[in-house]
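Where a number appears in this text, it was derived from the coordinates with a stated rule and is not lab data. The structure displayed is predicted, hence computed values, not measured ones. Methodologically, a virtual Cβ is constructed for each residue, glycine included, from the backbone with ideal geometry; neighbour enumeration extends over all protein chains shown.
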Amino acid sequence: MNYHIVTYGCQMNLHESEKIAGILKEAGYTQPSSPEEADIIVFNTCCIRENAENHAFGNIGALKQLKRKKKDLIIAVGGCMVQEEGKAAFLKEKFPFIDILFGTHNLPELKSLIEKKRAQRKAVISVTAERADTEDGVSPVRTSYPNAWVNIMYGCNNFCSYCIVPYVRGRERSRAHGEILREVKGLIGEGYREITLLGQNVDSYRDGDGMTFPTLLDAVASLGGDFRLRFMTSHPKDFSEELVAVMKKHKKICKQLHLPVQAGSNRILKLMNRRYTREKYLGELAYLRQEIPDCEVTTDLIVAFPTETEEEFRETLSLVEEADFSSAFTFIYSPRTGTKAAAMEGRICEETAKDRITRLVELVNRKTREKSAKYVGKTIEILCEGFDEKKKLYLGRDEYGRMGYFRSNRNRVGDFVMLKITEANGISLFGEEV
Ligand code: SAH
Ligand code: SF4
Ligand code: F3S
């Protein structure tokens, strides 16, 4: 039997889709396929911004015809959107042909939900409010070789005022470090070359033995084998000299930090409940670069948060000028029902929001281009991750997160490759193997 999984959202969800594939395999669905040939289609949804939800609505809706033609097809919808208050009932109403709805806390039950659905006509819905355990007993079908994602913690307690994640992912829960080390060792043994430790907020990692994130990172980086180590996401309020010291100590840890700043104005940061100031943030970058001069930093930015003035928006622009990011993800603020910011007055109109995002994207792109241009003529080491069918080139990232493309007449996926850069285009670099 065939399966098809559609994934939206962050790395956490990408990895969870690998776990879903693992569960489907146990349930008898062994082959990934196109939606038309699938016996089960699973949507792993995201609700971080309104457009993420709209994408999912469109694609789920489009399956109505297929479901009519193919009565035995099972359509399952899970992930963050389903976990939103009242959303499961809404989805069932809007798309009566959905067979299974499961929340973020109900992923390990998926196999039994499928079995239940096979035995009854009625739809099966399972959305519980919280989950305590941190081991799901699922063997993921990994699709990202040579990279492997490893969860270190789940949930978030930060309640940034705009963000829905704490509501749909629940309270912070850390996995025991012994379990994490065991999983990473296994992956290295299987030949994975890059391990990414995942958490909504890795700095909050704390297990039952009192292990913290820097000590965990130190322990993982101390494992033997030829691999690279990444982690995400860090929060500026938890930035520590201890973390920087561990990054500096280990060659295996990539010299790249994703440190979302969100905004450049202290008043907006306060309204966002981020618990740091612009000055503190820039101070952290200065310290990081003093200790690890070649470290690259990427970030997330939100424009048009409620009441943001033109002046305040310009503080985001000036922060981008100062901070020297290698790249940034930029978003227009999207109100999420149930969050504090959604109830704030002073919504910014669409026209202003679009104007601000356009100006910000232009600036970010210009900075990225300037940085990339400096690479021309230099040699970088990338870990080859795949083959770009359109460009007909192999691609991979260097430890700083830059994408490098090159030509090869044999499969290089999983190899560390030295590239002499001949051309730069945006964040992408093109080179020749040396
Ligand atoms: N835990 C991570 C990822 C959160 S989601 C972190 O704290 O960084 C990724 C990014 O989406 C956030 O950093 C933020 O920039 C953006 N985001 C979250 N909620 C949003 C909203 N309501 N509107 C617009 N962007 C949002
Ligand atoms: Fe959302 Fe803030 Fe938690 Fe990140 S730290 S997931 S932005 S609440
Ligand atoms: Fe989206 Fe959930 Fe990730 S809301 S960004 S998939 S944690």
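Among Ala341, Ala304, Ala219, whose mean-square fluctuation peaks in a Gaussian network model of the chain (Cα, cutoff 10 Å)?
Ala219
Place the peptides 272-279, 21-28 in order of packing, highest mean first, counting for every residue the other Cβ atoms within 10 Å and averaging per peptide. Please list the in-between numbers first.
Values: 272-279: 16.8, 21-28: 19.1.
Packing order, densest peptide first, comes out as 21-28, 272-279.
Quick one: net charge around Ser33, please, counting Lys, Arg +1 and Asp, Glu -1 for every other residue with C-beta under 14 Å from its C-beta. Spell out each step's value before the answer.
Numbers: positive: Lys25, Lys70; negative: Glu36, Glu37, Asp39.
Taking every other residue near Ser33 into account, the sum is -1.
In Å³ and rounded to a whole number, note down the convex hull volume per residue for the Cα atoms of the chain. Each step should come with its number before you reach the end.
On the way: hull volume 65.6 nm³, N = 434.
Per-residue hull volume (Cα only) is 151 Å³.
Using a Gaussian network model of the chain whose springs link C-alpha atoms within less than 10 Å, name the residue from Leu216, Leu257, Leu73 with the highest mean-square fluctuation.
Leu73
Sum up the charges of everything whose Cβ sits under 11 Å from the Cβ of Arg193, counting Lys and Arg as +1 and Asp and Glu as -1, but leave Arg193 out. Walk me through the numbers on the way to the answer.
Details: positive: Arg228, Lys252; negative: Glu190, Glu194, Asp226, Glu385, Asp415.
Around Arg193, the surrounding residues sum to -3.
Step through the table entries Lys64/Lys122; Lys25/Lys87; Lys19/Lys251; Lys255/Lys354; Lys354/Lys391, compare each Cα-Cα distance with 24 Å, and write down the pairs that go over it. Let's see the in-between values first.
Working: Lys64/Lys122 17 Å; Lys25/Lys87 28 Å; Lys19/Lys251 30 Å; Lys255/Lys354 33 Å; Lys354/Lys391 31 Å.
Flagged as over cut-off: Lys25/Lys87; Lys19/Lys251; Lys255/Lys354; Lys354/Lys391.
Among 197-209, 407-419, 259-271, how do they line up by average Cβ neighbours within 10 Å per residue, starting with the highest?
Working: 197-209: 19.3, 407-419: 14.4, 259-271: 20.8.
Peptide ranking by packing, descending: 259-271, 197-209, 407-419.
What is the chain's relative contact order, in percent, from Cα pairs under 8 angstrom and six or more apart in sequence? Intermediate values should be presented prior to the final figure.
Working: 832 pairs, mean separation 44.4, N = 434.
Rounded, it is 10 percent for the chain.
When the chain is modelled as a GNM with alpha-carbon springs shorter than 10 Å, which of Gln11, Gln256, Gln31 fluctuates the most?
Looking only at Gln11, Gln256, Gln31, the largest GNM fluctuation is found for Gln31.
Around Thr277, what is the net charge, scoring Lys/Arg as +1 and Asp/Glu as -1 over all other residues with Cβ under 13 Å from its Cβ?
The answer is +4.
Please list, ordered by chain and number, the residues whose modelled amide H lies under 5 Å from the amide H of Thr330; skip anything fewer than 5 residues away on the same chain.
It is Leu301, by chain and number.
Percent relative contact order of region 255-369, based on C-alpha pairs within less than 8 angstrom and at least six residues apart?
Numbers: 153 pairs, mean separation 34.6, N = 115.
Across region 255-369, relative contact order equals 30 percent.
Could you tell me which of Leu282, Ala353, Ser334 has its Cα farthest along the dipole of region 253-375 towards the positive end, charges placed at Cβ (Lys, Arg +1; Asp, Glu -1), taken about the Cα centre?
Of Leu282, Ala353, Ser334, it is Ser334.
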